[in-house]
Amino acid sequence: MFIRLGGIFTLVAVVLWLYAIFDALTAPAERVRNLPKAIWLIIVILLLDIGAIAWFVWGRPRAEVNARVRQSPFGWQNHGGPRGGGSRSVAPDDDPEFLKRLRDDIRRDDTRRDTPDDDNPVG
């Protein structure tokens, strides 16, 4: 029984160590805490589990509390503004502003088709 339990702990330790190496490699160097990124990589690789735990506690970048929402280049996010005190996503077919813009676009396309082209006469 102790052998199986030891095997499970070893597997967990190896997975934790590999994840710490990957996390330290992919972390932005300017956001790594307390030591330079290269030093953290050396610590994690050489000290195995203790290095991995140290990375997660003292080196890993913290998530930004005031993170900005990335805006879509197509303007789909928050085009209606906050609703009911907070912003929430709304399906396009439930958003009156989106439907109004869609109707305006359709009308504009219809009027362009109805006007005859001077360059290309029909008949």
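Just checking, how many residues over the stretch 32-49 are surrounded by 12 or more Cβ atoms within 10 Å (Cβ to Cβ), on the phi < 0 side of the Ramachandran plot and part of a helix (DSSP H, G or I)?
Qualifying residue count for the region: 10.
Can you name the residue in the stretch 7-35 that is over 28 Å from the mean Cα position of the chain (by Cα) and more than 23 Å from LEU46 (Cβ to Cβ) and, of all such residues, is modelled with the lowest pLDDT?
GLY7
I'd like the full set of residues that are surrounded by fewer than 11 Cβ atoms within 10 Å (Cβ to Cβ) and β-branched (Val, Ile, Thr), limited to the stretch 11-31.
The one that is surrounded by fewer than 11 Cβ atoms within 10 Å (Cβ to Cβ) and β-branched (Val, Ile, Thr): THR26.
The values are calculated or read from the model by the stated rules, or taken from the named source; none is laboratory data. Keep in mind that this is a model prediction, so the values were computed, not measured. Please note: Cβ atoms are built from the backbone with ideal geometry, for glycine as well, and neighbour counts cover all protein chains shown.
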